[in-house]
Amino acid sequence: FFLCLIYFRVEKKRRATILVYNIDEQAEQAIGQFYEAFTPMMSCEGSWHVSSRTRAVSRKYNAGAENTVERYKVKMRMKTPRYLQTNVQVPTLPVGQQTLYFFPDGVYVYSRREMERIPYGSISISQHNQRFIEHEHIPKDGQVVGSTWQYVNKSGGPDKRFNRNRKLPVMLYSVLTIQSTSGLAARIQFSSPGAAQALADTFPYYKEAYFLTPANPYGPDA
């Protein structure tokens, strides 16, 4: 499938890592299809890392939402880690204090002080579309599927006790969930419905092809 050669070079001021992939024609096609599945997410106007999700104390003061979400704007792009030289450009996604790099042989999780490689055999990826009450800017590629009020009464209408009661759009967003057996858990919203579907559909086939290949230098239990 492909061979991965890693060299470490210690310098006076920093340690530079060189990561070289010797990719044959079959591997190049598989990697290309896998990376192409990230394109719809990179093209989204809006994307957010969902850092927490809790049950709403009162739906009346949360626009009728059952859950409250804390999220931060992020951007998926093609990028390599700092101080690493490689012959591939990889999809990169920041999630809180960590950054995920989707290399051909696994997800490399970078934090401030350490790096962890998680093989794809230990990872699961899923996507679903979810209704979301948007309080911020409405992305152009988003789909409005309804509306509600910032403060709602029992019937779902506006609570007239509040003078400044905004009407809020209900959007349909794509939600990507990435989990691993080692504890990685990331949830990302994308403004375009179904944006993460291609990745969720492609990933099982890419993972299977990678682990069935004898040329895998790490082995399925790495």
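Once the Cβ-Cβ distance of Thr39 and Ser111 is raised to the sixth power relative to R0 = 25 Å, the FRET efficiency obtained is 0.40. Label separation (Lys140 vs Lys73): 1.5 nm, computed from points 7 Å beyond Cα along the C-beta direction. Set the Förster radius R0 to 30 Å, insert the Cβ-Cβ distance between Ser124 and Asn165 as r into 1/(1 + (r/R0)^6), and round the FRET efficiency to 0.05. FRET efficiency, Ser124 to Asn165: 0.15. Subtracting the Cα-Cα distance of Val88 and Gln29 from their residue separation scaled by 0.36 nm leaves 19.9 nm. Using the structure shown, list the pairs from Lys140/Lys167; Lys73/Lys154; Lys73/Lys207; Lys140/Lys207 with a Cα-Cα distance above 24 Å, or answer none. Listed pairs above 24 Å: Lys73/Lys154; Lys73/Lys207; Lys140/Lys207. Taking each residue as 0.36 nm, the span from Ser182 to Thr17 lengthens on full extension beyond its C-alpha to C-alpha distance by 57.0 nm. Scalar couplings 3J(HN,Hα) for segment 19-26, obtained by applying the Karplus form with A = 6.51, B = -1.76, C = 1.60 to θ = phi - 60°, are 10, 10, 10, 8, 9, 7, 5, 5 Hz; x denotes Gly and Pro.
Taken together, the values in this text are just the output of simple stated rules run on the coordinates, not laboratory data. Just so it is clear, the model here is predicted, and its values are computed rather than measured. We place every Cβ from the backbone using ideal geometry, glycine too, and count neighbours over all the protein chains shown.
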